[in-house]
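Just below is one structure, and these are the notes that go with it.
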Amino acid sequence: MITNETLKVIKQRRSTRSFKEEQIKGEEMQAILEAGMYAPNAGNQAWHFTVIQNKKLLEKLNLAAKQGAQQMDIEHLRELGNDKEFNCLYHAPTLIIVSGDEKAFVPLEADCAAATQNLLLAAESIGGGLLDFLRPISV
Ligand SMILES: Cc1cc2nc3c(=O)[nH]c(=O)nc-3n(C[C@H](O)[C@H](O)[C@H](O)COP(=O)(O)O)c2cc1C
């Protein structure tokens, strides 16, 4: 079977739900974001990457997401939203929000998903679990 470094990283990547407290290095972050920018896009690169490392802001986002989950139709998500112990960012020290311009004339979700996958694979190739669980959202 053919194998190489790229195929190894793709197969090795798994969702991480437990994180080291230490922060990712600036040059590692830069390399990951750059990989995201090299993703295919349907015409106008209408996405944005927002990196959040401020602990207080991450906690605010966790609480806001949980409040949202409490209103959802899916019982499992409501339960997580009401679980005081649950942190939907799994205490990751870094969050990258992939967002896009709603007015983009192309299907933005596909662009964001492609960029997200590049970010995930780059993160895996650099830190193997330093950061993970990135979700595309529209703003
Ligand atoms: C659109 C999307 C949303 C996801 N949402 C969550 C989530 O809310 N919480 C979570 O822990 N994992 C989430 N995941 C990760 C999936 O659970 C995970 O990718 C899947 O179980 C396969 O496992 P793997 O990533 O380790 O291969 C999400 C993945 C995608 C693509």
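The values are calculated or read from the model by the stated rules, or taken from the named source; none is laboratory data. None of the values given here were measured: they were computed from a predicted structure. Cβ atoms come from the backbone with ideal geometry, glycine included; neighbour counts cover every protein chain shown. For accessibility, only protein heavy atoms count, side chains too; no ligands or nucleic acids. Shrake-Rupley method; radii C 1.70, N 1.55, O 1.52, S 1.80 Å.
Computed quantities for the displayed model
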{"quantity": "Residue ranges of helices (runs of 4 or more DSSP H) in region 1-115 with at least 3 members away from the ligand (no atom under 14 Å from the Cβ) and not assigned by TED's automatic domain parsing to the domain that holds ILE126", "calculated": "5-12, 55-70"}
{"quantity": "Selection from region 116-139 of residues that are hydrophobic (A, V, I, L, M, F, W, C), under 13 Å from THR16 (Cβ atoms), within 11 Å of the ligand (Cβ to nearest atom) and at pLDDT below 90", "calculated": "PHE133, LEU134"}
{"quantity": "For ASN54: the one exception among (1) of a type outside the set (Asp, Glu); (2) open to solvent by less than 90 Å² (accessible area, probe 1.4 Å); (3) under 26 Å from ALA104 (Cβ atoms)", "calculated": "(3)"}
{"quantity": "Search result, residues across region 31-50 that are surrounded by fewer than 12 Cβ atoms within 10 Å (Cβ to Cβ) and polar (S, T, N, Q)", "calculated": "THR50"}
{"quantity": "Condition check for LEU80: open to solvent by 30 Å² or more (accessible area, probe 1.4 Å) and among the hydrophobic types (A, V, I, L, M, F, W, C)", "calculated": "yes"}
